[in-house]
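The values are calculated or read from the model by the stated rules, or taken from the named source; none is laboratory data. Note that the coordinates shown come from a computational prediction; the quantities given were computed from them, not determined experimentally. Cβ coordinates were reconstructed from backbone atoms using ideal geometry, including for glycine residues, and neighbour counts include every protein chain displayed. Ligands, DNA and RNA are stripped out before the accessible areas are found, and what is left, the full protein with its side chains, is counted by its heavy atoms. Shrake-Rupley method; radii C 1.70, N 1.55, O 1.52, S 1.80 Å.
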Amino acid sequence: DMLDTVFTTRTGRIIDLVTALPTHDSVWLMVSPENSENLQEILQNYVIAQDVSIIDKSYDFMGFTVTNGDASLQLQGLGLTPSESSTTSQTIAWVPLKHDQTDTTSHPTPHAITFRSTGLGIPGETVLIMGEKA
């Protein structure tokens, strides 16, 4: 599920409203563009494990929300299809239509991910489109 949280200063002033988007192997944070660097620095102070990376991928994605519906038709129109191997009850990874769907041993690089929530308290989906599709 998508989770909304607020980053604050030590005195309680709001820095940013952040949406956390969990995937099968990571947690993506959707932040305001003007706060990206500041929040990376704040988060880096709390990293104690060597296998944790904080990476700004904002130039690799385009995000939007579809309310009162789903984004399936739009993503299929871009030549994408749901990946059976990377789909959960709350997220759907979309891969190029030409991808071999019978190969369930690998996780193909998704070109889009839909989250079955808007984070706005209304029905719909949040969509992240990656790479050349963005």
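State whether one or more residues within region 66-73 are in contact with a strand residue (DSSP E or B) (Cβ under 7 Å, 6 or more places away or on another chain), of a type in the set (Val, Ile, Thr) and modelled with pLDDT of 85 or more.
Scanning region 66-73 turns up at least one residue that is in contact with a strand residue (DSSP E or B) (Cβ under 7 Å, 6 or more places away or on another chain), of a type in the set (Val, Ile, Thr) and modelled with pLDDT of 85 or more.
May I ask you to list the residues in region 21-41 that are surrounded by 15 or more Cβ atoms within 10 Å (Cβ to Cβ) and of a type in the set (A, V, I, L, M, F, W, C)?
LEU21, TRP28, LEU29, MET30, VAL31, LEU39
Could you tell me whether region 96-106 includes any residue that is farther than 22 Å from MET2 by Cβ, at pLDDT below 80 and touching an Asp or Glu at 6+ places or on another chain (Cβ under 7 Å)?
So far as region 96-106 goes, yes, one or more of its residues are farther than 22 Å from MET2 by Cβ, at pLDDT below 80 and touching an Asp or Glu at 6+ places or on another chain (Cβ under 7 Å).
Taking region 42-51, which residues are open to solvent by less than 70 Å² (accessible area, probe 1.4 Å) and farther than 25 Å from THR118 by Cβ? Steps first, answer last, please.
Here is the first cut: in region 42-51, the residues open to solvent by less than 70 Å² (accessible area, probe 1.4 Å) are 42-43, 47, 49.
Selection gives ILE42, VAL47, ALA49.
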